[in-house]
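I have placed the structure first, in the form of structure tokens, so that the comments after it can refer back to it.
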Amino acid sequence: MLSTLIETYTLASKWSNDNQGVVSIAVFAGTIAFGWASGIFSALRRRPKFKLSLIDGPTFCCTYPIGKLHQEFEVHRTGVALYLAIANVGSAASSIEDISVGYHWHLRPFSVNWLKYTVGWFWLTAQSAALADFQANIGNSIKVYPFLTQVNFLSSAKAITYLEVGRSTNGVIYFEQADSWGGCFPKVHDGRVRIRVRVRDVFGKRHAAKFTIASVSLEEARKYNPAFGKTLAELRGEPLPYDKSI
């Protein structure tokens with residue numbers, strides 16, 4: 001047994017000495033391949049990761065009538081304002097490409113679109129341009145909340161949508177749902193609405209989080225923004241019923 005091992009070792013040593021160049025090339029090639037693969041894997045691991053959170057302030061939704069009927073149903077719209085913070089906690093920089101908000105409709109069980117929009121989510125995928133800044137009175141001063149993706153009217157603050165690793169940004173985003181009727185509005189439970197916010201970065205990766213926000217009256221919403229709910233009305237030249245005298 002011992003003699004067999006010694007003979008095998010001797011032959012291996014002789015082959016190694018005779019083929020030293022081949023062995024060196026194989027080791028070099030293996031090292032290059034490992035380094036190349038490691039670089040690829042390292043690059044694949046470097047990805048942006050956005051952490052989403054809501055900040056106290058103008059974060060709520062509101063459903064309001066617009067003074068029209070669709071057959072026998074009153075037509076309404078829903079506005080959503082979110083004071084959103086986004087932090088890049090990943091390992092690569094990226095930009096915010098777009099933001100969507102989803103919620104469940106208030107439909108009767110097993111009615112049309114019940115499964116799609118009550119069990120699933122109804123998405124608002126295009127932000128609306130707010131016609132005024134979101135603000136709040138604090139003593140004798142007025143606090144103006146920055147927008148996340150549009151320019152403020154009363155502030156020089158610039159929207160920051162490119163996030164380096166460890167960088168965060170925040171601001172208000174605003175949506176108005178088009179004309180709807182029946183139960184096509186957010187489902188409210190104990191004055192709260194369950195929503196899902198989804199942010200897509202420039203690489204196409206989606207980052208999402210779920211929250212519950214307050215459902216408020218239009219009067220309450222306009223304490224933060226006097227033009228809340230007016231964007232679509234202004235675009236269509238159709239004043240809302242409570243704005244006709246303004």
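Going by what's in this entry, would residue 178 be described as within 29 Å of residue 238 (Cβ to Cβ) and surrounded by fewer than 20 Cβ atoms within 10 Å (Cβ to Cβ)?
Values: within 29 Å of residue 238 (Cβ to Cβ): yes; surrounded by fewer than 20 Cβ atoms within 10 Å (Cβ to Cβ): yes.
So residue 178 passes the test.
As for the range 157-170, it holds no residue that is within 28 Å of residue 106 (Cα to Cα) and open to solvent by 30 Å² or more (accessible area, probe 1.4 Å).
Name the residues in the range 188-211 that are surrounded by fewer than 17 Cβ atoms within 10 Å (Cβ to Cβ) and either more than 30 Å from residue 93 (Cβ to Cβ) or not aliphatic (A, V, I, L, M) (or both), would you? Write out each step before concluding.
Taking the range 188-211 as the starting set, the residues that turn out to be surrounded by fewer than 17 Cβ atoms within 10 Å (Cβ to Cβ) are 188-192, 194, 196, 202-206, 208-210.
Listed by number, the residues that qualify are 188, 189, 190, 191, 192, 194, 196, 203, 204, 205, 206, 210.
Hey, could you check the range 112-135 for residues that are farther than 20 Å from residue 171 by Cα, in a loop (DSSP other than H, G, I, E, B) and open to solvent by 40 Å² or more (accessible area, probe 1.4 Å) and say which is modelled with the highest pLDDT? Of everything passing the filter in the range 112-135, 121 is modelled with the highest pLDDT.
Here residue 50 meets each of (1) closer than 28 Å to residue 102 by Cβ; (2) at pLDDT below 95 with one exception, condition (2).
The values are calculated or read from the model by the stated rules, or taken from the named source; none is laboratory data. Worth saying up front: this structure is predicted, and the values here are computed from it rather than measured. Using ideal geometry, Cβ is built from the backbone for each residue, glycine included, and neighbour counts are taken over all protein chains shown. Heavy atoms of the whole protein, side chains included, go into the accessibility calculation; ligands, DNA and RNA do not. Shrake-Rupley method; radii C 1.70, N 1.55, O 1.52, S 1.80 Å.
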